[in-house]
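In what follows, a structure is listed as structure tokens, so that the remarks can point back to it.
The values are calculated or read from the model by the stated rules, or taken from the named source; none is laboratory data. These figures come from a predicted structure and were not determined experimentally. For neighbour counting, all protein chains shown are included, and Cβ atoms are generated from backbone atoms with ideal geometry for every residue, glycine included. These area figures cover heavy atoms from the full protein model, side chains too; ligands, DNA and RNA do not enter into them. Shrake-Rupley method; radii C 1.70, N 1.55, O 1.52, S 1.80 Å.
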2 protein chains.
Amino acid sequence: MSLYRYHVFFCTNRREDGGPCCSQAGSDEAREYVKRRCKDLGIHGHGQIRINSAGCMDRCDQGPVLVVYPEGVWYTYVDNEDLDEIIASHLQGGEVVERLRLPAGDE
Amino acid sequence: MSLYRYHVFFCTNRREDGGPCCSQAGSDEAREYVKRRCKDLGIHGHGQIRINSAGCMDRCDQGPVLVVYPEGVWYTYVDNEDLDEIIASHLQGGEVVERLRLPAGDE
């Protein structure tokens, strides 16, 4: 196993050209919410889960996005309810949330 | 396969308390260098490699650090020669650079 069982990256990029970006959709607050929830649940840290911010991951049109590694599962989300489902189902239960999942590739 | 064959995250965090951090060690410049090299080599983009910045990944004492997913291989680096070796060996050749690799866990 790598340092983290699940390493989650939220795109929190803010585009300078004013184009659509994850940050406009509240990705900073979303990332803070998930990090706080994981800490409260005692599942944040080495050997468990790490919630990170990241720069643009080049899926702006499908944002806001996050990706869960090592699986490489991509999600979009609208509200904290979506984020709670990703935490409970995927990060705690190991089950991908299909309704929020983005295609793996460009299909 | 996920959207990227290799998704690389450079910690580019700057600690507000002045403690040791990857940014002090030139991680912004390192990330720019690797991104530029991958673009020049024609290996940057969907289906290939993505070079991202990320917030603190909690390995400050071992920094500067980067991590390559989906493998979850962690590296440290000193100069562009190290970065060139990671590009050529790991990102182009699929071979981990053992001399720059960090332990997977806290051992």
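Have a look at A:Gly93, A:Tyr77, A:Asn52 and report the one farthest towards the positive end of the charge dipole of region A:42-107, computed about the Cα centre with Cβ charges (Lys/Arg +1, Asp/Glu -1).
A:Asn52
Largest first and to the nearest Å, give the Cα extent of the protein assembly as shown along each principal axis.
Principal extents (largest minus smallest coordinate, Cα): 46, 38, 31 Å.
Let's see if you can work this out: charge +1 on each Lys and Arg Cβ, -1 on each Asp and Glu Cβ, no other charges. What is the dipole magnitude of the protein assembly as shown about its Cα centre, in debye to the nearest 20?
Roughly 20 debye, rounded to the nearest 20.
Based only on the alpha carbon positions, what is the Kirkwood hydrodynamic radius of region A:63-107, in angstrom?
Result for region A:63-107, one decimal place: 10.6 Å.
Mind checking how much accessible area A and B bury in total, 1.4 Å probe, in Å² rounded to 100?
Buried area between the two chains comes out at roughly 2000 Å².
Mean separation of Cα pairs under 8 Å and 6+ residues apart, divided by the residue count of chain A: what relative contact order is that in percent?
Normalised by residue count, the contact order of chain A is 30 percent.
Might you list the cysteines of chain B that have no disulfide-compatible partner by the rule of another cysteine's Cβ under 4.7 Å?
Those would be B:Cys21, B:Cys38, B:Cys56, B:Cys60, since no other cysteine Cβ in chain B comes under 4.7 Å of theirs.
Which percent of the accessible area of the protein assembly as shown is formed by carbon and sulfur heavy atoms (probe 1.4 angstrom)?
Here carbon and sulfur together make up 43 percent of the probe-accessible area.
With +1 on each Lys and Arg Cβ and -1 on each Asp and Glu Cβ, how big is the dipole of chain B about its Cα centre, in debye rounded to the nearest 20?
500 debye
Sequence-distant or interchain residues sharing an amide H contact under 5 Å with B:Gln48, placed H: which?
Counting only residues 5 or more places away or on other chains, the set is B:Arg5.
Round to the nearest 10 and report in Å² the accessible area of B:Tyr77, as given by a 1.4 Å probe over the protein chains' heavy atoms.
About 10 Å², ignoring ligands and nucleic acids.
With the Cα gyration tensor of region B:1-50 giving a ≥ b ≥ c as the square roots of its eigenvalues, does the rule (a/c under 1.5 for rounded; else a/b larger than b/c for prolate; else oblate) give rounded, prolate or oblate?
oblate
Just the accessible area per residue of the protein assembly as shown, please: how many Å² with a 1.4 Å probe?
Here the residues of the protein assembly as shown average 46 Å² of exposed surface.
On each of the three principal axes of the Cα atoms of region B:25-70, give max minus min coordinate, whole Å, ordered largest first.
Projected onto the principal axes, the Cα atoms of region B:25-70 cover 34, 23, 14 Å.
Taking the convex hull of the Cα atoms, report for region A:29-99 its projected area averaged over all directions, in nm².
4.8 nm²
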